[in-house]
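Taking it in order: structure first as structure tokens, then the write-up.
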Amino acid sequence: MRTWDIFCTVIDNFGDIGISWRLARSLAHEHGMQVRLWVDDLAAFQRIRPEIQSECDMQQCDGVTVCAWRTPFLPVVPAEGVIEAFGCALPDEYVAAMTMQTPPPVWINLEYLSAESWVGSHHGLPSPHPRLPLTKYFFFPGYTDQTGGLLRERDLLARRAHFVQHEVDAYWQSLGLSAPAAGEWRISLFAYENPALAGLLDAWRACPEPITLLVPEGRILPQLADWLGEPGVRVGDAFQRGALHVRILPFSSQDEYDRLLWACDLNFVRGEDSCVRAQWAARPLVWQAYPQAEAAHHDKLDALLAIYTETLASGAAQLLTDTWRRWNGVPGALDMAACWAGWRVQRDALKRHAAIWPAQLATRPSLTDTLVGFAENKLKSCVFSTP
Ligand code: TRH
């Protein structure tokens, strides 16, 4: 199997294109595949990969052919493996072309990541097309052997280790900061609008240790500006409030954002992809799940908490649980001042746990490796069953 088409629509935010792009790159780099990535919003893509030209119908980027997904969809020969990212609905013309291939492409619906236990029993299930001789398979990322695993480049942990050992001082200098002072906290904040923010900022302002808060430009800025009492906060701005020093960073490329996660002592992340990257960063994290109707994201939150805290001492595990719940609006959770007081006490325990967590996760194959194996098996069984 040599060729793949990945289809991605950008509804809002950056997670869908962020994940599709990571997958495209790793299929090309690590498996030598020819990959076309079809994207309906190249301007959004450009935010996480600045080399992308938003007006270009077809371009090469990092070994991947990036194609603008236009309507109507012009005829192309489908690839052997087809990924419909997050149920984005393939173009009818393309699905019709898939039926003309022998054997038909392996059609995979890449699902959202969840640590919930039902995921394992749904991973890999077939869904025959109601009218056409095609079958779509549901592929679930996840944290257990029964799922498709997590995206992880083969050299990711080595690159992070090299950065931490040799490059982190230069990184801080590139942001105009000196190396952290003894006891200082460096914290990154990537978040949706969040009612718990003001309480957290109040706690940080009164913290006995200095805190440098690094905030990539995004949806949280208006709320941050309100708390600061500074209208029109912009990239490059810096503010001091008590112990808290705030810097507004540009929204950077994915690779640059990884470096921020690797450098900080604590990362606030959101959605799906930054949550996984923060885990690979081997630093403590606070996760804001993508808000869903009827608070369905609270189940996702508790499922990941259960896995992440399994081998954590009970005091630190409780603190992490309280903090994540409060940050996600779960009723009854401790307030942010109490949570932050706890973080100061549990700082070392949380740091040690975060440092060993990636090694535990990395005992399982990466999502890309699992996906390629899965698709090759389906292709073989299809070839053998074709008369
Ligand atoms: O942007 P998100 O909120 O995406 C969300 C979720 O994925 C959610 O599951 C999905 O349903 C919804 O979108 C539509 O958060 P996420 O998943 O962390 O994606 C952010 C991407 O942006 C990730 O690939 C990292 C990248 N990024 C940068 O490249 N540069 C930056 O400066 C920052 C802050 C992020």
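Considering only residues that are under 26 Å from residue 149 (Cα atoms), open to solvent by less than 40 Å² (accessible area, probe 1.4 Å) and away from the ligand (no atom under 12 Å from the Cβ), which ones fall in the stretch 33-70?
If the condition is that a residue be under 26 Å from residue 149 (Cα atoms), open to solvent by less than 40 Å² (accessible area, probe 1.4 Å) and away from the ligand (no atom under 12 Å from the Cβ), then 33, 35, 37, 38, 39, 61, 64, 65, 66 are the ones that fit.
The conditions are (1) under 30 Å from residue 174 (Cβ atoms); (2) more than 11 Å from the ligand (Cβ to nearest atom), and residue 257 fails exactly one of them. Which is it?
(2)
In the stretch 264-281, how many are more than 9 Å from the ligand (Cβ to nearest atom) and either of a type in the set (Phe, Trp, Tyr) or open to solvent by 10 Å² or more (accessible area, probe 1.4 Å) (or both)?
3
So which residues in the stretch 282-314 are polar (S, T, N, Q) and surrounded by fewer than 18 Cβ atoms within 10 Å (Cβ to Cβ), if there are any at all?
Of everything in the stretch 282-314, those that are polar (S, T, N, Q) and surrounded by fewer than 18 Cβ atoms within 10 Å (Cβ to Cβ) turn out to be 292, 311, 314.
Which members of the stretch 208-227 meet the condition of being buried (at least 17 other Cβ atoms within 10 Å of the Cβ) and either within 17 Å of residue 340 (Cα to Cα) or aliphatic (A, V, I, L, M) (or both)?
210, 211, 212, 213, 214, 215, 220, 221, 224, 225
This table checks each residue for (1) over 27 Å from residue 290 (Cβ atoms); (2) assigned by TED's automatic domain parsing to the domain that holds residue 314.
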position: 333; (1), (2): no, yes
position: 338; (1), (2): no, yes
position: 342; (1), (2): no, yes
position: 349; (1), (2): yes, yes
position: 369; (1), (2): no, no
position: 377; (1), (2): yes, no
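Report, by residue number, each residue of the stretch 255-278 that is polar (S, T, N, Q) and within 10 Å of the chain's Cα centre (by Cα).
Of everything in the stretch 255-278, just one residue is polar (S, T, N, Q) and within 10 Å of the chain's Cα centre (by Cα), namely 274.
Evaluate the following for residue 125: is it at pLDDT below 95, in the same structural domain as residue 376 (by TED's automatic domain parsing) and out of contact with any Lys or Arg (no Cβ under 7 Å at 6 or more places or on another chain)?
Details: at pLDDT below 95: no; in the same structural domain as residue 376 (by TED's automatic domain parsing): yes; out of contact with any Lys or Arg (no Cβ under 7 Å at 6 or more places or on another chain): yes.
No.
Return yes when residue 127 is under 23 Å from residue 18 (Cα atoms) and either open to solvent by less than 70 Å² (accessible area, probe 1.4 Å) or touching a Ser or Thr at 6+ places or on another chain (Cβ under 7 Å) (or both) and no when it is not.
Criteria not met by residue 127.
A quick yes/no check of all residues on (1) farther than 23 Å from residue 250 by Cα; (2) touching a strand residue (DSSP E or B) at 6+ places or on another chain (Cβ under 8 Å); (3) among the aromatic types (Phe, Trp, Tyr); (4) within 16 Å of the ligand (Cβ to nearest atom):
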{"position": "181", "(1), (2), (3), (4)": "yes, no, no, no"}
{"position": "184", "(1), (2), (3), (4)": "no, yes, no, no"}
{"position": "191", "(1), (2), (3), (4)": "no, yes, no, yes"}
{"position": "201", "(1), (2), (3), (4)": "no, yes, no, no"}
{"position": "204", "(1), (2), (3), (4)": "no, yes, yes, no"}
{"position": "210", "(1), (2), (3), (4)": "no, yes, no, no"}
{"position": "213", "(1), (2), (3), (4)": "no, yes, no, yes"}
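Looking at (1) closer than 27 Å to residue 287 by Cβ; (2) touching a Gly at 6+ places or on another chain (Cβ under 9 Å), can you tell me which one residue 161 breaks?
Among (1) closer than 27 Å to residue 287 by Cβ; (2) touching a Gly at 6+ places or on another chain (Cβ under 9 Å), residue 161 violates only (2).
Taking helices (runs of 4 or more DSSP H) that do not extend beyond the stretch 240-343, which have at least 2 residues that are over 22 Å from residue 186 (Cα atoms)?
296-308, 314-327
Give the stretch 106-131 a look and list any residue that's in contact (Cβ under 8 Å) with a residue 40 or more places away in the chain and of a type in the set (Gly, Ala, Ser), or say none.
114, 115, 117, 124 - these are the residues of the stretch 106-131 that are in contact (Cβ under 8 Å) with a residue 40 or more places away in the chain and of a type in the set (Gly, Ala, Ser).
Residue under question is residue 179, and the condition is that it be surrounded by fewer than 17 Cβ atoms within 10 Å (Cβ to Cβ), small (Gly, Ala, Ser) and closer than 24 Å to residue 29 by Cβ; does it hold?
Numbers: surrounded by fewer than 17 Cβ atoms within 10 Å (Cβ to Cβ): yes; small (Gly, Ala, Ser): yes; closer than 24 Å to residue 29 by Cβ: no.
No.
Kindly indicate whether residue 158 is more than 30 Å from residue 333 (Cβ to Cβ), of a type in the set (Gly, Ala, Ser) and either away from the ligand (no atom under 16 Å from the Cβ) or outside the structural domain of residue 264 (by TED's automatic domain parsing) (or both). If you could, list the steps in order and put the result at the bottom.
Details: more than 30 Å from residue 333 (Cβ to Cβ): yes; of a type in the set (Gly, Ala, Ser): yes; either away from the ligand (no atom under 16 Å from the Cβ) or outside the structural domain of residue 264 (by TED's automatic domain parsing) (or both): yes.
It is true that residue 158 is more than 30 Å from residue 333 (Cβ to Cβ), of a type in the set (Gly, Ala, Ser) and either away from the ligand (no atom under 16 Å from the Cβ) or outside the structural domain of residue 264 (by TED's automatic domain parsing) (or both).
Would it be correct to say that residue 86 is of a type outside the set (Lys, Arg) and buried (at least 21 other Cβ atoms within 10 Å of the Cβ)?
When the stated conditions are applied, residue 86 does not pass them.
List the strands (runs of 3 or more DSSP E) that sit entirely inside the stretch 92-188 and contain at least 3 residues that are among the aromatic types (Phe, Trp, Tyr).
Once the strands (runs of 3 or more DSSP E) in the stretch 92-188 are filtered for at least 3 residues that are among the aromatic types (Phe, Trp, Tyr), what remains is 135-139.
The values are calculated or read from the model by the stated rules, or taken from the named source; none is laboratory data. Since this is a predicted model, take the numbers as computed values, not measurements. Ideal geometry is used to build each Cβ from the backbone, glycine not excepted, and the neighbour counts take in all protein chains shown. All accessible areas refer to the heavy atoms of the entire protein, side chains included, with ligands and DNA or RNA removed. Shrake-Rupley method; radii C 1.70, N 1.55, O 1.52, S 1.80 Å.
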